[in-house]
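Asker: My questions will all concern the structure given below.
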Amino acid sequence: MTERARNAPQGMRARKIEAAILEIMPGREWLSCTSISRLIRANDTRKTRARLDRLARDGKIERKREQGTHGAVYLYRQLR
């Protein structure tokens, strides 16, 4: 079987976005996906959401679900 390429452009871009999120995200403040996208100046919030979900799955940030005005909202914050 072939091994997955470690230097694939999509993966490198994804890790770069994850590093930017961890660097810019404030310590103990809960933020929505939209506000984090604005902080890192990303155009597509769907890709940011995918990166946030991966960071939450890896245990680098935590996620909670709340009820917003238009439905469910996920909030994220860094673990310290």
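Asker: Got at least one residue in region 21-33 being in contact with a Ser or Thr (Cβ under 6 Å, 6 or more places away or on another chain), modelled with pLDDT of 85 or more and open to solvent by less than 60 Å² (accessible area, probe 1.4 Å)?
Answerer: For region 21-33, residues in contact with a Ser or Thr (Cβ under 6 Å, 6 or more places away or on another chain), modelled with pLDDT of 85 or more and open to solvent by less than 60 Å² (accessible area, probe 1.4 Å): present.
Asker: Of the conditions (1) out of contact with any helix residue (DSSP H, G or I) (no Cβ under 8 Å at 6 or more places or on another chain); (2) of a type in the set (A, V, I, L, M, F, W, C); (3) under 19 Å from K64 (Cβ atoms), A8 satisfies every one except a single condition; which number is it?
Answerer: (3)
Asker: Another question about this same structure. Give me the pairs, please: first residue somewhere in region 1-15 and at pLDDT 65 or above, second residue anywhere and surrounded by 10 or more Cβ atoms within 10 Å (Cβ to Cβ), beta-carbon distance under 6 Å, and either six or more positions apart or on two chains.
Answerer: Cβ pairs passing all conditions: none.
Asker: Is at least one residue of region 61-77 outside any strand (DSSP E or B), open to solvent by less than 70 Å² (accessible area, probe 1.4 Å) and without any contact (Cβ under 8 Å) to a residue 60 or more places away in the chain?
Answerer: no
Asker: Can you pull out every residue in region 25-37 that is within 12 Å of the chain's Cα centre (by Cα) and either without any contact (Cβ under 8 Å) to a residue 12 or more places away in the chain or in a loop (DSSP other than H, G, I, E, B) (or both)?
Answerer: Of everything in region 25-37, those that are within 12 Å of the chain's Cα centre (by Cα) and either without any contact (Cβ under 8 Å) to a residue 12 or more places away in the chain or in a loop (DSSP other than H, G, I, E, B) (or both) turn out to be M25, T34, S35, S37.
Asker: Moving to a separate point now. Could you check region 38-48 and list, in sequence order, the residues that are without any contact (Cβ under 8 Å) to a residue 24 or more places away in the chain and either touching a helix residue (DSSP H, G or I) at 6+ places or on another chain (Cβ under 7 Å) or farther than 22 Å from Q10 by Cα (or both)? Show your work before the answer.
Answerer: First pass over region 38-48, keeping only residues without any contact (Cβ under 8 Å) to a residue 24 or more places away in the chain: 38-41, 43-46.
Scanning region 38-48 gives L39, I40, T45.
The values are calculated or read from the model by the stated rules, or taken from the named source; none is laboratory data. The structure presented is a predicted model; accordingly, all values stated were derived computationally and were not measured. Because the Cβ atoms are built from the backbone with ideal geometry, glycine has one as well, and the counts that use them run over all protein chains shown. Areas reflect the complete protein model, heavy atoms only, side chains present, ligands, DNA and RNA absent. Shrake-Rupley method; radii C 1.70, N 1.55, O 1.52, S 1.80 Å.
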